[in-house]
Amino acid sequence: MTDTRGSQPYDAYASGPLPGERRGQQQPAQPYHPPQAYAPPAERTGGGAGGGTGGGAAGGSEQHGVKKPRTGIRTEPRTRKARLRVAKADPWSVMKVSFLLSIALGVCTIVAASVLWMVMDAMGVFSTVGGTISEATGSNNGGGFDLQSFLSLPRVLLFTSVIAVIDVVLATALATLGAFIYNLSAGFVGGVELTLAEDE
């Protein structure tokens, strides 16, 4: 008995690949490349491209959205500035600072007075002026005014020290009073405004 139904569909795949199989040699897996917003600029190709390659590369980079840096623009950083206001001065801190500064000024005054006296004594100023004053103020009964004994170094240093102490007291008191007056005036007008700039 012979089969009259002809060839079955599965007979066509008896010697060939199944429907799910790919024909030909299967390619190895490729690494995954994520999508990019801008395509990379075209690489320059040597050989017969010649002079048109440079222009094509520049045009291609502009077309693909790659911008070249501008060399003619200065890239120096801008100096930052801040505008501040001195709203209040602490009287206690002002008093301490003014006290130390006035003491330093008093010591400088004493040293300057002693140096000046030694220079004038070495130049003979006291002897010359003292002799002239003693002759002018002298009389037949006694001598005149002795300038050298009156302007001796211990007396000059003592007088300068008294002046320095008075200067310390007055400067400290005036500076502290000035801090109180500044705080009162700053409450009405807002204080002194300062503009500070960052060092380059």
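Computed extension gain for Q30 through S152, at 0.36 nm per residue and net of the alpha carbon distance, reaches 33.4 nm.
Here region 94-200 has 74 percent of its accessible surface on carbon and sulfur atoms, given a 1.4 Å probe and all protein chains in place.
The alpha carbons of region 81-177 give a radius of gyration and a Dmax of 21.6, 79 Å, in that order. A 1.4 Å probe run over region 75-139, with the rest of the protein chains in place, finds 78 Å² accessible per residue. Note on S134 and V162: their simple-model spin labels are 2.5 nm apart, each label 7 Å out from Cα toward Cβ.
The values are calculated or read from the model by the stated rules, or taken from the named source; none is laboratory data. Note that this is a predicted model, so its numbers are computed, not measured. Positions of Cβ are generated from backbone atoms using ideal geometry, with glycine treated the same way; all protein chains shown enter the neighbour counts. To get the accessible areas, we keep the full protein, side chains included, count just its heavy atoms, and leave off ligands, DNA and RNA. Shrake-Rupley method; radii C 1.70, N 1.55, O 1.52, S 1.80 Å.
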